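Chemist: The following block contains the structure, expressed as structure tokens.
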Amino acid sequence: MDLIVKSALIAVILILIAAGAFILLQKSTQHQLTSNDAVSLVISDLQSKNPNATITLVSLSNSTIQKNSWNIVVSVVYNATRPCPTLLIEDFDYPATGLSPSTENIYTTKCELLNYASGAPSYVISSPELAIVNSYDSNYSIIKSFVNNYGYNNTNVYARFFQNLQSNYTHLGANYSNIWLVEYTSNMANHSAYVLMSQSGKVLGTYNASPSSRLQ
């Protein structure tokens, strides 16, 4: 009888040890976030706070302040296809510093490029949003007329960067390199308005033409 009792006690102890080990292992696994987990949590939190924004991962690297944490850089864009999109770049170190950005840089706001000198060789138009705002803020009559005629909220704008752009792609009759092409289009219009600009933001030409889906 004593042998049966001892065996039962040993079995219970072994079960408790195994259960405890499983719980500890599960907790350890839960706290070891992968980089993908960290990115997903940061972007999900941003989307819940900014439901109308377009959020994109820009870069991901190991944290320099804490092990098993990641430096996550994202772009946050409001009104992405309107003439005046707003662009923010936010930097997170997660989970080290939580879900608040450690830095936040605003590149466009209220239809202005911040810290920008028009046509300066040292300035680089590095995103579609910067190209769009610069094209609208340049005050070319062809663009202002298009937006005024069809309405700001009825106008969609798209920008695409080309390393090489052949002369037959535009109505300007020349080849270009390292160039932005911006298209203003509307369902109410039978044509689009185009702006061609260099990487430094200098407008090289404008023209009207049939709408194209190649920039969208």
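Chemist: Could you tell me which of the residues SER135, SER127, SER75, SER141 is of a type in the set (S, T, N, Q) and surrounded by fewer than 16 Cβ atoms within 10 Å (Cβ to Cβ)?
Modeler: Among SER135, SER127, SER75, SER141, only SER141 is of a type in the set (S, T, N, Q) and surrounded by fewer than 16 Cβ atoms within 10 Å (Cβ to Cβ).
Chemist: In the range 183-197, what count of residues is obtained for those that are over 25 Å from the mean Cα position of the chain (by Cα), among the polar types (S, T, N, Q), within 18 Å of THR81 (Cβ to Cβ) and outside any strand (DSSP E or B)?
Modeler: Of the residues in the range 183-197, 1 are over 25 Å from the mean Cα position of the chain (by Cα), among the polar types (S, T, N, Q), within 18 Å of THR81 (Cβ to Cβ) and outside any strand (DSSP E or B).
Chemist: Now for a separate question. Go over the candidates MET197, MET188 one by one and state the one that is open to solvent by 80 Å² or more (accessible area, probe 1.4 Å) and among the hydrophobic types (A, V, I, L, M, F, W, C).
Modeler: MET188
Chemist: While we're looking at this one, here's another question. Can you pull out the residues in the range 158-180 that are touching a strand residue (DSSP E or B) at 6+ places or on another chain (Cβ under 9 Å) and over 20 Å from VAL124 (Cβ atoms)?
Modeler: Listed by number, the residues that qualify are GLN166, SER167, TYR169, THR170, HIS171, LEU172, ALA174, ASN175.
Chemist: I'd like to check which strands (runs of 3 or more DSSP E) are fully inside the range 29-112 and have at least 3 residues that are closer than 24 Å to VAL195 by Cα and of a type in the set (Ser, Thr, Tyr).
Modeler: Here the list reads 103-109.
Chemist: Restricting attention to the range 198-216, report how many residues are within 27 Å of the chain's Cα centre (by Cα), polar (S, T, N, Q) and under 10 Å from GLU183 (Cα atoms).
Modeler: Total satisfying the criteria: 3.
Chemist: Could you tell me whether any residue of the range 169-184 is in contact with an Asp or Glu (Cβ under 8 Å, 6 or more places away or on another chain), open to solvent by less than 20 Å² (accessible area, probe 1.4 Å) and over 15 Å from LEU204 (Cβ atoms)?
Modeler: No; the residues of the range 169-184 include none that is in contact with an Asp or Glu (Cβ under 8 Å, 6 or more places away or on another chain), open to solvent by less than 20 Å² (accessible area, probe 1.4 Å) and over 15 Å from LEU204 (Cβ atoms).
Chemist: Run down ILE179, ILE132 and say which single residue is in a helix (DSSP H, G or I), β-branched (Val, Ile, Thr) and touching a residue at least 24 places away in the same chain (Cβ under 8 Å).
Modeler: Testing whether each residue is in a helix (DSSP H, G or I), β-branched (Val, Ile, Thr) and touching a residue at least 24 places away in the same chain (Cβ under 8 Å) leaves just ILE132.
The values are calculated or read from the model by the stated rules, or taken from the named source; none is laboratory data. What you see is a predicted model, and the numbers here were worked out from it, not measured in a lab. In this analysis, Cβ positions are derived from the backbone assuming ideal geometry, glycine residues included, and neighbour counts consider all displayed protein chains. With ligands, DNA and RNA removed, areas are computed over all heavy atoms of the protein, side chains included. Shrake-Rupley method; radii C 1.70, N 1.55, O 1.52, S 1.80 Å.
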